[in-house]
1. In region 136-179, what count of residues is obtained for those that are in a helix (DSSP H, G or I), more than 20 Å from residue 73 (Cβ to Cβ) and of a type in the set (A, V, I, L, M, F, W, C)?
2. Six or more apart or on different chains, Cβ under 8 Å: which pairs go from a residue in region 183-201 that's closer than 17 Å to residue 225 by Cβ to one that's small (Gly, Ala, Ser) and outside any helix (DSSP H, G or I)? Could you list them?
3. List the strands (runs of 3 or more DSSP E) inside region 1-117, counting only whole elements, that have at least 2 residues being out of contact with any Cys (no Cβ under 6 Å at 6 or more places or on another chain), closer than 30 Å to residue 290 by Cβ and at pLDDT 90 or above.
4. Just one of the numbered conditions (1) surrounded by fewer than 15 Cβ atoms within 10 Å (Cβ to Cβ); (2) polar (S, T, N, Q); (3) within 30 Å of residue 314 (Cβ to Cβ); (4) touching a strand residue (DSSP E or B) at 6+ places or on another chain (Cβ under 6 Å) is not true of residue 43; which one?
5. Can you give me the number of residues within region 286-331 that are basic (Lys, Arg) and either closer than 18 Å to residue 103 by Cα or buried (at least 22 other Cβ atoms within 10 Å of the Cβ) (or both)?
6. Quick check on my filter: what residues within region 105-150 are more than 24 Å from residue 60 (Cα to Cα), among the β-branched types (Val, Ile, Thr) and in contact (Cβ under 8 Å) with a residue 60 or more places away in the chain?
7. Among the strands (runs of 3 or more DSSP E) confined wholly to region 263-337, which include 2 or more residues that are over 30 Å from residue 171 (Cα atoms) and touching a residue at least 60 places away in the same chain (Cβ under 8 Å)?
Amino acid sequence: MLLLEKINDLKGINSLSKHEQIVHGIIDAIDTEVLKVGDKLPSINEMVADIGYARKTIVKAYTELKERGLVESKNIKGYFIISTETNITLKVALVLYAFHSFQEDFYNTFREELGNRFQIDVFFHHNNETIFNTIIDNIYQKYGLYVVAPIQDNNIIPNLLRFTPDRLLVVDRYLNMPEEYSYVTQDFEETTYQNLAQLSNEIQNYKKIIFFFKENSSVPKGILNAFIRFAEEFTVAYQILETYTPGTLEKNTAYFSVDKTYLWQVIKDAKSLDYTLGKDIGILAHDDTIVNEIAFGGITTISTDFKEMASKAVHFVKHRDPIHEIIPSRLQKRNSF
């Protein structure tokens, strides 16, 4: 069998471990079209008998080929070639909320810094627990590494614990996972409070501040807790509304919005009423974008550096060094406050 010949030809190369000999032999067989998509590999028991290596060595080699996205195991039936893209070092599943502008910043940095030898497949759960769990079920055991921005709900933790700690990185939203699991996440409550406190003098220039928060939305509860704590400790008049109704803009009022739709509805009404941002009304947004930098002289934001988060995620993917880090949010003061 040509495949076994290719593996045996590598036995004399001392720089290759036994499992690497198997991996490189199979990759060479794919590159020379000895193996094609759909072909079945010898079973682990057959490989043990034919090559003479330990079972765990064969399993390790087949596992690496699965992580590269070249091989898929099918229950009972065995291992099959599913791709000829042998230049791929690792196949990575990236699970995000949605392709919002700030998550686009994360993805672009993640993609660029990983380079072309990593295959990234992106999935979006839209803060829907059923969709999230379905995605996890569908990608389980099909990738070498999983980078997941989870729903911030402890109910999903058991599903994530199916992944071993060296193959899972939690990003964006913090979950109280066992200590051996890595994360690079935001801190919503404490740093939001600190940033609001930093803006307290400007906020107190207005008669009140309105925060848009809807229960069961994707907006973290920590932001709401921080807002209430700030308003009460700094004796600021405040109001919490689920939505913004166009045409209800109040002069001498500050608005804090995480939802981009409400943000731009407020600004649209301000423009139609000829209100000056930063004077007649104050506007504070969550999560920075290039639009916030330039629109109406700049919108003040509280935001995490998603490029920094992505860079740290890339390091984990490449090196598997455990990481437990929270990226603080920062205040960007601009024309709207």
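The values are calculated or read from the model by the stated rules, or taken from the named source; none is laboratory data. These numbers come from a predicted model, not from an experiment. Virtual Cβ from ideal backbone geometry, glycine too; neighbours counted across all protein chains shown.
1. Summing the residues that are in a helix (DSSP H, G or I), more than 20 Å from residue 73 (Cβ to Cβ) and of a type in the set (A, V, I, L, M, F, W, C) in region 136-179 gives 3.
2. That search, which allows pairs on different chains as well, returns 186/329; 187/329; 188/329; 191/329; 192/329; 195/329.
3. 90-96
4. The single condition residue 43 does not satisfy is (3).
5. Qualifying residue count, region 286-331: 3.
6. Selection gives 109 alone.
7. On the way: elements: 281-286, 300-304, 324-327, 329-332.
Of the strands (runs of 3 or more DSSP E) lying wholly inside region 263-337, those with at least 2 residues that are over 30 Å from residue 171 (Cα atoms) and touching a residue at least 60 places away in the same chain (Cβ under 8 Å) span 281-286.
The rows are residues; the columns are (1) over 32 Å from the mean Cα position of the chain (by Cα); (2) more than 21 Å from residue 200 (Cα to Cα).
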residue	(1), (2)
249	yes, yes
252	yes, no
258	no, no
261	no, yes
267	no, yes
270	yes, yes
287	no, no
291	no, yes
296	no, yes
